[in-house]
1. Please identify the pairs in which a residue from the range A:145-174 that is modelled with pLDDT of 95 or more has its Cβ atom under 6 Å from the Cβ atom of a residue that is surrounded by fewer than 13 Cβ atoms within 10 Å (Cβ to Cβ) and assigned to a loop (DSSP other than H, G, I, E, B), counting only partners at least 6 apart or on another chain.
2. Of all residues being in a loop (DSSP other than H, G, I, E, B) and more than 9 Å from chain B (Cβ to nearest Cβ) in the range A:182-194, which is surrounded by the most Cβ atoms within 10 Å (Cβ to Cβ)? Just the residue, please.
3. Do we have B:Phe246 as of a type in the set (A, V, I, L, M, F, W, C) and in contact (Cβ under 8 Å) with a residue 60 or more places away in the chain here?
4. Please go through the range A:114-146 and pick out each residue that is over 16 Å from the mean Cα position of the chain (by Cα) and either of a type in the set (S, T, N, Q) or part of a strand (DSSP E or B) (or both).
5. Residues that are surrounded by fewer than 19 Cβ atoms within 10 Å (Cβ to Cβ), part of a loop (DSSP other than H, G, I, E, B), at pLDDT 95 or above and more than 22 Å from the chain's Cα centre (by Cα): does the range B:272-279 have at least one?
6. For the range B:73-84, indicate whether the set of residues that are farther than 30 Å from A:Ser190 by Cα, assigned to a helix (DSSP H, G or I) and away from every other protein chain (no Cβ under 12 Å) is non-empty.
7. Select from the range A:165-197 the residues that are in contact with a Lys or Arg (Cβ under 9 Å, 6 or more places away or on another chain), closer than 15 Å to A:Gly100 by Cβ and polar (S, T, N, Q) and list them in ascending order.
8. What is the residue count in the range A:147-165 for residues that are part of a loop (DSSP other than H, G, I, E, B) and either closer than 23 Å to B:Ser213 by Cβ or among the aromatic types (Phe, Trp, Tyr) (or both)?
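The values are calculated or read from the model by the stated rules, or taken from the named source; none is laboratory data. All values derive from a computational prediction rather than experimental measurement. Note that we place each Cβ from the backbone using ideal geometry, even for glycine, and neighbour counts take in every protein chain shown.
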Amino acid sequence: MLEHRVDTTEQRATDPALDNQRIFRAILLTMSRPGTVTTLGNLPGHPGGLHPASAAVCMALVDMDSPLWISPDASEDVATHLKFYCGCPVIRKQEECSFGLVLNGLDLPDLERFNPGEAEYPDRSATLIIQVASIEVGHGVRLGGPGINGQTLLNITGLQADFWESMQQNRQRFPLGYDVILTTETEIVSLPRSVQVEI
Amino acid sequence: MTYQEDLMPGKSDATDNDAGYNYGYLNEQTKRMIRRAILKAVAIPGYQVPFAGREMPMPYGWGTGGIQLSACLLGPNDVFKVIDQGADDTTNAVSIRKFFARVTGVETTEKTGEATVIQTRHRIPEAPLQEDQIMVYQVPIPEPLRWVEPRESETRKMHALEEYGVMHVQLYEDIARHGRIATNFMYPVKVDGRYIMCPSPIPKFDNPKLDMSPALHLFGAGREKRIYAVPPYTDVKSLDFEDHPFQVESWDACCGLCGARDSYLDEVILNDEGERMFVCSDTDYCSSRRAQGNFGPMAGREDVAELMGESPQTA
């Protein structure tokens, strides 16, 4: 097997502990308030196809205890980069991953195949990081449920249209299900399994 | 400090955290593990996520669950408040506040309104919480079904199958014995119509504050190694019966110091003659009311000056 070169010249300048804390709080904010968008900033030095925001989410959450699945359209550079920086195993079996990274929201894999957890341990389920083109609030799909005061509107471009039906089906089997973090180049918005989607 | 420089040559340290320890005491891998658990807890409101709890530099029962949560949350932009039974100035609160000031350099406060993260042992502040605040609860026994079913394997099944009838039996036994629901703290709630959750040993007086709260509530049990959460704007209903609706405690007295009638009151025995008074359990609420010129019937007495925080503090 070919060894792939990892670019280590762009080391993050600041303290990784503080970076991780800042990114985690941003993810926590979006996960506890679905439909709220936060900007993670533009960390440089990621291989083509990997959004800086997705890379930041992986840095903050993924490690050797959480196998990562990457959509097959990704270049080997993306896998090598994340393996090196997160220290995580990159696996081929979609059903077994803790984190699933989908580089193109217009080319979704079968989301049903991601691990939804067990009835007694619904937390043992996958978290999906799906890259999209843009996130706008104020119009689009109607969201409700825990974390949302009344309702909120979210419009995503660069995302397959049937994604929202998948989220509805995902909610049907609550407390089982996967949780989703949508990422543009610099922003994230999260959709926990508890979110109620009205198309 | 020369001692730190000797230990960590060449390290440009932005914070004053102790040399040799990672920012926030826990190492990054531990924090990632706990952070993943927190996110799952938020995604499944009221469900208890098991996590690989670490030993903390204090015994179980002193808030090791809450401390591990705070260690994963706190950053340079936070303002941290700790309360113990409502009070900012008791041993547990003072030590935890000092611990985080040391390991993260976080700014601390006693004012509810100024805090971004509030770690609490068994109270929710009286002042309404805001959207940008995170409450961190120290939880001794996270399993609400533990008193009726000691086996973890069984309670897991009961949660999975939503088999919750037995909780109402427990409340009914209260009514049969006392004529009313006599459970006054750790009063079970149902979160978003699905999971029954133990709100930690807060008085039931505080239960309504969890319902549709604008803040995020995170619960950490260190000994039992469980994390669970109530996201903001989530339906939290205290269990009850149609003919015995949920009711909170009320007092005939007002706070002796600030005169408040809307806060949770503690009874304090004053002397050997059996004199007693009621005071707000939330010290910040009480002192800010007094700062606004509200005084209770006992406020002028010299022998209660210590309660008003006017005598020298040992902390």
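1. That search, which allows pairs on different chains as well, returns A:Trp164/A:Ile199.
2. Initial filter on the range A:182-194 (in a loop (DSSP other than H, G, I, E, B)): A:184-186, A:192-194.
Those still in the list that are more than 9 Å from chain B (Cβ to nearest Cβ) too: A:184-186.
On the way: A:Thr184: 23, A:Glu185: 15, A:Thr186: 15.
Top of the filtered list is A:Thr184.
3. Working: of a type in the set (A, V, I, L, M, F, W, C): yes; in contact (Cβ under 8 Å) with a residue 60 or more places away in the chain: yes.
Yes: the conditions hold for B:Phe246.
4. A:Glu136, A:Val137, A:Gly138, A:His139, A:Gly140, A:Val141, A:Arg142, A:Leu143, A:Gly144
5. Residues of the range B:272-279 that are surrounded by fewer than 19 Cβ atoms within 10 Å (Cβ to Cβ), as a first pass: B:272-276.
With the extra rule that they be part of a loop (DSSP other than H, G, I, E, B), the set shrinks to B:272-275.
The next check asks that each one be at pLDDT 95 or above; those that pass are none.
The answer is no; no qualifying residue exists.
6. So in the range B:73-84, the residues farther than 30 Å from A:Ser190 by Cα come out as B:83-84.
In the following step, the residues that additionally are assigned to a helix (DSSP H, G or I) were identified as none.
Among the residues of the range B:73-84, not one is farther than 30 Å from A:Ser190 by Cα, assigned to a helix (DSSP H, G or I) and away from every other protein chain (no Cβ under 12 Å), which makes the answer no.
7. A:Asn170, A:Ser190
8. First pass over the range A:147-165, keeping only residues part of a loop (DSSP other than H, G, I, E, B): A:147-151, A:158-162.
Adding the requirement that they be either closer than 23 Å to B:Ser213 by Cβ or among the aromatic types (Phe, Trp, Tyr) (or both) leaves A:147-151.
Result for the range A:147-165: 5.
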